[in-house]
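Undergrad: What follows is a structure written as structure tokens; I'll ask about it next.
Taken together, the values in this text are just the output of simple stated rules run on the coordinates, not laboratory data. Please read these numbers as outputs of a predicted model, since none were measured by experiment. Every residue, glycine among them, receives a Cβ derived from its backbone with ideal geometry; neighbour counts consider all protein chains shown.
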Amino acid sequence: MNGLGITKFATNPMMDKLRAGQPSVGSWLSLCSPVVAETMALVGWDWLVVDVEHSPVGFDTMVQCFRAIQLGGAVPMARVPWNDTIWIQRTLDAGALGLVVPMINSVEEAESAVSNTRYATRGIRSWAGSRVAPYIDGDYQTWTEDNLAIMVMIETVEAVEHAEAILSVEGVVGGFIGPADLALSMGTKDTGPGTEHEAAMLEVLRAARKVGKAAGKYCFSGAEVSMRIRQGFQFLGCASDAAFLSAAAREEYAAIDLTE
Ligand code: 3PY
Ligand code: MG
């Protein structure tokens, strides 16, 4: 099939980058808008994550965002609300090419997350294919084996302690640090260079590199993304649509001179 809007792909481009040892940079969508998703995708991000954990996005809107992201040329991903069979399977069937799975604290939890993404005999995903299957150059079932980007979130003290074992789980593509939940779990507000919080994040980086997986982190700015890439992180989320909108609006609002 050829035509406007139909671009077939043989591999997941963000997985290609990670496999080549290159950084892959994306952003987060919390504004629940397919038009915003399309606008963000056209910026050039490798991927965009629809945040189903911490935004009020509905399931149907998430699917529209996936379509818009793909149309704009980025890889559609979602952060599921929890490490849950129903959420993981439905979100993949709806067309996500990668998942960020929150709060993975043990090998068992990581194995369960991966199993939910894989068909028998390697896992427990039930067969219905996926909305995205017609866009794939090849057979979707085979394609998923090497191309779904399954990122587990390392965002508690327990997860940092088990990071090496969690990231060793076959099928886990990388570990994605949630700095806010990690700080909460550590009972600290003290973050940044020289802190225990920073040391914990660098421990996750060390563990990931040791077992040959990608280390990722939610970053607050492009400058932080650049710094983390230099440290060796590979999968970087750069803020969110909501943060960008708010920052730009605040800047312009502050620049207004109200004197008549
Ligand atoms: C955190 O900082 O806890 C996150 O989940 C960021 O996405
Ligand atoms: Mg979190």
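Undergrad: For Ile256 paired with Ser106, estimate the spin-label separation in nm (one decimal), with each label point 7 Å from Cα along the Cα-to-Cβ line.
TA: Each label point lies 7 Å from its Cα, and together they span 5.4 nm.
Undergrad: Looking only at Lys210, Lys17, Lys189, which one moves most when the chain is put into a Gaussian network model with springs between Cα atoms under 10 Å?
TA: Evaluated over the chain, the most mobile residue of the options is Lys189.
Undergrad: List the residues, sorted by chain then number, that are 5 or more residues from Ala149 or on another chain and whose placed amide H is less than 5 Å from its amide H.
TA: Gly98, Leu99
Undergrad: So who's got an amide H within less than 5 Å of the one on Ser240, skipping anything under 5 residues away but keeping other chains? H placed 1.01 Å off N, in plane.
TA: Residues meeting the criterion, in which the H sits 1.01 Å from N, are Trp28.
Undergrad: Please work out the FRET efficiency for the pair Leu184 and Ser126, using the Cβ-Cβ distance as r and a Förster radius of 30 Å; give the result to the nearest 0.05.
TA: 0.30
Undergrad: Cα to Cα, under 19 Å, and not fewer than 8 places away if on the same chain: which aspartates and glutamates meet these conditions relative to Lys189?
TA: Glu155, Glu158, Asp181, Glu198, Glu203, Glu224
Undergrad: Evaluate E = 1/(1 + (r/R0)^6) for Val35 and Glu170, where r is the Cβ-Cβ distance and R0 equals 25 Å; express this FRET efficiency to the nearest 0.05.
TA: Rounded to the nearest 0.05, the efficiency is 0.05.
Undergrad: Pick out, in residue order, every one of the GluC sites (Glu not before Pro) in segment 155-228 that is DSSP loop and has at most 11 other C-beta atoms within 10 Å; say none if there are none.
TA: Here the sparse-neighbourhood loop sites are Glu170.
Undergrad: List the residues, sorted by chain then number, that are 5 or more residues from Val75 or on another chain and whose placed amide H is less than 5 Å from its amide H.
TA: The list, which skips near neighbours in sequence, is Trp47, Leu48.
Undergrad: Follow-up question, since we're still on this one. For the chain, what does -39500 (n - 2.57) per DSSP helix run (n ≥ 4), summed and divided by total residues, give at 222 nm, in deg cm²/dmol to the nearest 500?
TA: The helix-only estimate for the chain comes to -13000 deg cm²/dmol at 222 nm.
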